[in-house]
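The values are calculated or read from the model by the stated rules, or taken from the named source; none is laboratory data. Predicted, not measured: the structure shown is a model, and the values here were computed from it. Here the Cβ positions follow ideal geometry from the backbone for every residue, glycine too, while neighbour counts run over all protein chains shown.
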Amino acid sequence: MKPYISLGFYRPKRWNAREIGMHLVQMAKQAGFVPHDDPAHGPLKLTGKNWSSVALHAEVRRRTFKTAQAESFHYDGDLEPLAKTDCWIILWASNTPTWIKWRFAAVEGIRVDDTLIYKPKSYELIAFENIRCLHRRPPNCPRMRWIFRQRAQKHAL
(Lines give C-alpha, C1' and ligand atoms only; values in the text may rest on other atoms or scores of the structure.)
Protein backbone atom coordinates (compact mmCIF):
# COMPACT_ATOMS: atom_id res chain seq x y z
CA MET A 1 0.00 0.00 0.00
CA LYS A 2 1.38 3.39 -1.00
CA PRO A 3 1.04 6.43 1.27
CA TYR A 4 -0.50 8.40 -1.61
CA ILE A 5 -3.19 7.99 -4.23
CA SER A 6 -2.69 8.74 -7.90
CA LEU A 7 -5.18 11.14 -9.47
CA GLY A 8 -3.80 10.56 -12.97
CA PHE A 9 -1.14 11.93 -15.27
CA TYR A 10 -0.92 15.32 -16.89
CA ARG A 11 1.61 16.42 -19.51
CA PRO A 12 1.00 20.06 -20.50
CA LYS A 13 0.63 20.96 -24.15
CA ARG A 14 2.01 24.39 -23.30
CA TRP A 15 4.28 25.43 -20.41
CA ASN A 16 2.12 28.15 -18.88
CA ALA A 17 1.97 28.27 -15.06
CA ARG A 18 -1.65 29.45 -14.84
CA GLU A 19 -2.90 26.87 -17.35
CA ILE A 20 -1.02 24.08 -15.58
CA GLY A 21 -2.38 25.16 -12.20
CA MET A 22 -5.98 25.46 -13.35
CA HIS A 23 -5.88 22.09 -15.12
CA LEU A 24 -4.43 20.31 -12.07
CA VAL A 25 -6.90 22.01 -9.71
CA GLN A 26 -9.69 20.72 -11.98
CA MET A 27 -8.29 17.18 -11.87
CA ALA A 28 -8.22 17.35 -8.06
CA LYS A 29 -11.78 18.69 -7.99
CA GLN A 30 -12.98 15.82 -10.18
CA ALA A 31 -11.42 13.43 -7.63
CA GLY A 32 -13.46 15.03 -4.83
CA PHE A 33 -11.01 17.57 -3.43
CA VAL A 34 -11.88 21.14 -2.50
CA PRO A 35 -9.43 23.90 -1.50
CA HIS A 36 -8.25 23.96 2.11
CA ASP A 37 -8.86 27.10 4.16
CA ASP A 38 -5.69 27.99 6.06
CA PRO A 39 -4.73 31.68 6.01
CA ALA A 40 -1.75 31.00 8.32
CA HIS A 41 -0.08 28.70 5.81
CA GLY A 42 -1.18 29.67 2.33
CA PRO A 43 0.42 29.97 -1.09
CA LEU A 44 1.16 33.70 -0.72
CA LYS A 45 3.65 32.95 2.09
CA LEU A 46 6.01 31.19 -0.34
CA THR A 47 8.41 32.91 -2.69
CA GLY A 48 9.38 32.09 -6.25
CA LYS A 49 6.01 30.99 -7.55
CA ASN A 50 4.94 31.68 -11.12
CA TRP A 51 1.22 31.35 -10.38
CA SER A 52 -0.80 31.07 -7.18
CA SER A 53 -4.35 31.36 -5.96
CA VAL A 54 -5.31 31.99 -2.35
CA ALA A 55 -8.91 30.93 -3.06
CA LEU A 56 -7.75 27.61 -4.55
CA HIS A 57 -4.87 27.25 -2.04
CA ALA A 58 -2.65 26.28 -4.96
CA GLU A 59 0.59 27.30 -6.65
CA VAL A 60 2.84 26.49 -9.59
CA ARG A 61 6.58 27.10 -9.61
CA ARG A 62 9.16 26.69 -12.36
CA ARG A 63 12.29 26.81 -10.22
CA THR A 64 13.33 24.95 -7.10
CA PHE A 65 15.04 26.93 -4.35
CA LYS A 66 17.29 25.37 -1.75
CA THR A 67 15.73 25.44 1.71
CA ALA A 68 16.61 23.26 4.67
CA GLN A 69 13.00 22.25 5.31
CA ALA A 70 12.28 21.19 1.72
CA GLU A 71 15.40 19.03 1.68
CA SER A 72 14.46 17.03 4.79
CA PHE A 73 11.33 15.02 5.49
CA HIS A 74 8.53 17.21 6.89
CA TYR A 75 4.80 17.77 6.77
CA ASP A 76 3.33 21.08 5.59
CA GLY A 77 2.67 23.62 8.30
CA ASP A 78 5.00 22.01 10.84
CA LEU A 79 6.80 25.33 11.41
CA GLU A 80 3.68 27.55 11.50
CA PRO A 81 2.08 27.67 15.00
CA LEU A 82 -1.42 28.52 13.71
CA ALA A 83 -1.38 26.33 10.59
CA LYS A 84 -4.26 23.92 10.02
CA THR A 85 -2.26 20.82 9.15
CA ASP A 86 -5.17 18.36 8.87
CA CYS A 87 -5.47 18.48 5.10
CA TRP A 88 -4.48 16.67 1.93
CA ILE A 89 -1.46 17.70 -0.14
CA ILE A 90 -1.82 17.41 -3.89
CA LEU A 91 1.47 17.41 -5.79
CA TRP A 92 2.67 17.20 -9.37
CA ALA A 93 6.12 17.62 -10.92
CA SER A 94 7.40 17.60 -14.48
CA ASN A 95 10.56 15.81 -13.33
CA THR A 96 12.17 14.64 -10.08
CA PRO A 97 8.88 14.31 -8.12
CA THR A 98 8.71 14.79 -4.37
CA TRP A 99 9.51 11.74 -2.22
CA ILE A 100 6.82 10.49 0.18
CA LYS A 101 6.93 8.17 3.18
CA TRP A 102 4.59 7.14 5.99
CA ARG A 103 4.93 9.28 9.09
CA PHE A 104 3.56 6.84 11.71
CA ALA A 105 3.78 3.48 9.95
CA ALA A 106 4.41 1.45 13.10
CA VAL A 107 1.88 3.35 15.22
CA GLU A 108 -0.90 2.90 12.66
CA GLY A 109 -0.15 -0.78 12.27
CA ILE A 110 0.79 -0.42 8.62
CA ARG A 111 3.14 -3.22 7.68
CA VAL A 112 5.75 -1.25 5.77
CA ASP A 113 9.32 -0.39 6.51
CA ASP A 114 9.30 3.18 7.87
CA THR A 115 12.41 3.96 5.84
CA LEU A 116 10.74 2.95 2.58
CA ILE A 117 10.54 5.99 0.33
CA TYR A 118 7.88 6.18 -2.36
CA LYS A 119 8.71 7.98 -5.57
CA PRO A 120 5.82 9.05 -7.81
CA LYS A 121 6.41 9.19 -11.56
CA SER A 122 7.06 12.39 -13.48
CA TYR A 123 3.77 14.07 -14.56
CA GLU A 124 1.77 12.03 -11.99
CA LEU A 125 -0.71 14.01 -9.88
CA ILE A 126 -0.79 12.54 -6.37
CA ALA A 127 -2.64 13.23 -3.12
CA PHE A 128 -1.76 12.25 0.45
CA GLU A 129 -2.88 13.12 3.95
CA ASN A 130 -0.51 15.76 5.28
CA ILE A 131 -0.45 14.65 8.92
CA ARG A 132 -0.05 10.96 8.05
CA CYS A 133 2.86 11.36 5.63
CA LEU A 134 6.20 13.10 5.35
CA HIS A 135 7.59 14.46 2.11
CA ARG A 136 10.77 16.05 0.82
CA ARG A 137 12.45 17.27 -2.31
CA PRO A 138 14.78 14.56 -3.63
CA PRO A 139 18.51 15.08 -3.05
CA ASN A 140 20.36 16.74 -5.93
CA CYS A 141 17.06 17.81 -7.46
CA PRO A 142 17.59 20.01 -10.51
CA ARG A 143 16.72 23.64 -9.98
CA MET A 144 14.57 23.74 -13.11
CA ARG A 145 11.37 21.73 -12.78
CA TRP A 146 7.69 22.58 -12.92
CA ILE A 147 5.89 21.80 -9.66
CA PHE A 148 2.30 22.17 -8.49
CA ARG A 149 1.04 22.06 -4.92
CA GLN A 150 -2.45 22.40 -3.55
CA ARG A 151 -3.69 21.93 -0.01
CA ALA A 152 -7.20 20.49 -0.05
CA GLN A 153 -9.94 18.71 1.84
CA LYS A 154 -11.45 15.45 0.60
CA HIS A 155 -15.20 15.40 0.08
CA ALA A 156 -17.40 12.60 -1.18
CA LEU A 157 -18.63 13.08 -4.73
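Contact map, the range 10-33: residues that are among the small types (G, A, S) paired with residues that are loosely packed, with under 12 Cβ neighbours inside 10 Å, Cβ distance under 7 Å, separation 6+ or inter-chain. Pairs shown: G32/H155; G32/A156; G32/L157. In summary, strands (runs of 3 or more DSSP E) completely within the range 86-157 and bearing 3 or more residues that are at pLDDT 90 or above and under 19 Å from R62 (Cβ atoms) occur at 88-93, 144-154. Going through (1) within 18 Å of T98 (Cβ to Cβ); (2) modelled with pLDDT under 90; (3) assigned to a helix (DSSP H, G or I) one by one, L44 falls short only on (1).
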